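One structure below.
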Amino acid sequence: MKEQSDLKRLMGYAGKYRYLSYASWVLSAFSAFIMLVPYWYIWKVMKEVLDNQGNMANASGLTHNGAMAVIFAILGVLIYIAGLMCSHIAAFRIAANLRIKTMEHIVMLPSGAAESFGSGRLRKIVNESSAATETYLAHQLPDRAGAIATPIGLLLMLFIFDIRLGLLSLMPVVLGFVIMMTMTGQRMQQKMKEYQNALEDMSNEAVEYVRGIPVVKTFGQTIFSFKKFKSSIDRYEKWVIAYTKELRMPMVFYTAAVNGVFVFLTAGALLFFKGTGDSTFITDLIFYVIITPIISVTLTKIMFMSENAMIVNDALKRIDSIFAMEPLKEAKTSSEPMDSSVELKNVSFSYDGKDNVINDISLSIAPGETVAFVGPSGGGKSTLAGLISRFFDVKSGGIFIGGVNVKNIPKKKLMDTVSFIFQDSRLIKASIFENVRIGKPDAGKAEVMEALKNAQCMDIIEKLPMGMDTVIGTKGVYLSGGEQQRIAIARAMLKNAPVIIMDEATAFADPDNEMKVQEAFSRLAVGKTVIMIAHRLTTVAGADRIFVIKDGSIAESGSCSELMNKNGLFKEMWGDYGSSVKWRV
């Protein structure tokens, strides 16, 4: 199957607006022809002046020819503006549709897949890659139509007046085109890919660095603490400098060639047409001197169009890298969970398709039971919780909620069944009311206020200038990590999902906030199946069962007292945790 061209793919997002794109090309080409007409009238003005030297009274056509030159120049500009209006309307629609299509696909992806892709990289692709297509469609394509039309018109005009001067004026064009070819082509496309990779890498690392600024300030570190970010800047700098030096000499020769038309004309006229002094030849020579700079402008446009075409090609490939990520498959037949039980049967999972991070885990959680996942960092606790929420699909085995495989539960129903509270819950830039109502979009203010009360958020509401209608992130209104967690818990309470997963939910809370968060958890957990992930072992001591996860497997399980009596990994962790709590500066 023949691969679609980039332009055809982009037109596929245009819908009925594609006809505006076509119209912009026609108008731009027509404008290019019209813009050459004033030069014809300028030539007529010059010829009339030279033919009537000393007797300007006979030069009766000067005013008419001058006026016609101005009229056609204005007409050409107006037609070009009309073409740009058409191209911009179509370009904006295509870019918007491309972003919508990309975001719709991202929404369908597993939450874990989008996170592992990198938020900075994802943002750059969605925003900047679609913006690259916008520039290409709004400016480059209409200009390309004009750039094609201009040489055709120029060739006719160059050879109509004096074919010898016409050939001379084309010599630097040929030379410039040859030099330009050395700077474009397949090699340039590879360089453009490397350039975009360097930018993408730097953008992704910049986002991660900004997110880590609180840690930097807390521990008095500098930018050099973030070696990956600094390294990405250094790689970008090294690549750009090397690439600039590589193209320095070809660009010098190209610029000299395309801007040296006057030199070729003057040298050629002196060498081949010495002694020719009639007014017609002088008029033609002046005409060529005036009009041939258009050639250099046209060539430069073509060069930048080639570069932008490569940028668009690279942008579409990066968008394709998002589309290449498989969305979660919806089952042909769907079922609803019978209760809030959770069961894992021989579950294995790997991120790269090779090395398992979860190895053949089987466990069963009864409805209304509270369990905890603990264990060394990197053991697979959060991955296991993510699999239950279907952030990823298991490599083998099955996960069942209420006796139904999560793959057979409709996505919306699964989201209504499971609430996930992260350790770094984030609020959107909206009011507290809107942030909480995400859990239940049709909820009224009374329901939201009740959820806020149960989540121990009234002290937050009371200190805000407009209560729960206060917009977070504006006019200096921000919440601490612990306060954000309580708002997130209010959202989960409003959602009222039967299964609650809490991943290190008190990790960043201060003592006062932690006490309130724990109280909110107690109310949230009533009648729910709760899965807790924690490093603070005191927070899970009251769990019905504790699963100790190490190296992707269950090392041991039981209640807190049972595990302490086993003298195994959990007791060792408890001792280490107790020592760390007692540590003082």
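The values are calculated or read from the model by the stated rules, or taken from the named source; none is laboratory data. Keep in mind that this is a model prediction, so the values were computed, not measured. Neighbour counts run over all protein chains shown; Cβ positions are idealised from the backbone, glycine included.
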Quick one: which residue in Arg486, Arg491 is modelled with pLDDT of 80 or more, out of contact with any Gly (no Cβ under 7 Å at 6 or more places or on another chain), part of a helix (DSSP H, G or I) and within 25 Å of Val371 (Cβ to Cβ)?
Arg486
Filter region 550-569 for residues that are in contact with a Ser or Thr (Cβ under 9 Å, 6 or more places away or on another chain) and touching a residue at least 40 places away in the same chain (Cβ under 8 Å); the one that is surrounded by the fewest Cβ atoms within 10 Å (Cβ to Cβ) is Ile554
Condition first: modelled with pLDDT under 70, out of contact with any Asp or Glu (no Cβ under 9 Å at 6 or more places or on another chain) and not in a loop (DSSP other than H, G, I, E, B). Now tell me which residues in region 270-285 satisfy that.
Leu271, Phe272
Could you pull out the residue among Ser362, Ser350 that is over 23 Å from Gly542 (Cβ atoms), loosely packed, with under 15 Cβ neighbours inside 10 Å and either touching a Leu at 6+ places or on another chain (Cβ under 7 Å) or touching a residue at least 24 places away in the same chain (Cβ under 8 Å) (or both)?
Ser362
Tally time: how many residues in region 45-69 are at pLDDT 75 or above, of a type in the set (Gly, Ala, Ser) and in contact with a helix residue (DSSP H, G or I) (Cβ under 7 Å, 6 or more places away or on another chain)?
3
Can you find a residue in region 502-510 that is part of a loop (DSSP other than H, G, I, E, B), buried (at least 21 other Cβ atoms within 10 Å of the Cβ) and modelled with pLDDT of 80 or more?
no
Evaluate the following for Tyr13: is it assigned by TED's automatic domain parsing to the domain that holds Pro151, modelled with pLDDT under 90 and surrounded by 14 or more Cβ atoms within 10 Å (Cβ to Cβ)?
yes
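For region 248-259, which residues satisfy the criterion of being surrounded by 12 or more Cβ atoms within 10 Å (Cβ to Cβ) and at pLDDT 75 or above?
Pro250, Met251, Phe253, Tyr254, Thr255, Ala256, Ala257
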Given the condition hydrophobic (A, V, I, L, M, F, W, C), within 27 Å of Pro327 (Cβ to Cβ) and either modelled with pLDDT of 85 or more or part of a loop (DSSP other than H, G, I, E, B) (or both), answer yes or no: does some residue in region 450-461 qualify?
no
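With respect to Arg390, determine if the residue is closer than 20 Å to Ile531 by Cα, part of a loop (DSSP other than H, G, I, E, B) and not acidic (Asp, Glu).
yes
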I'm told Val448 meets every condition in (1) under 30 Å from Met466 (Cβ atoms); (2) touching a Gly at 6+ places or on another chain (Cβ under 6 Å) except one. Can you identify the failing condition by its number?
(2)
Hits in region 303-350 - residues which are over 20 Å from the mean Cα position of the chain (by Cα), at pLDDT below 80 and either part of a loop (DSSP other than H, G, I, E, B) or of a type outside the set (Asp, Glu) (or both)
Met303, Phe304, Met305, Ser306, Leu328, Lys329, Glu330, Ala331, Lys332, Thr333, Ser334, Ser335
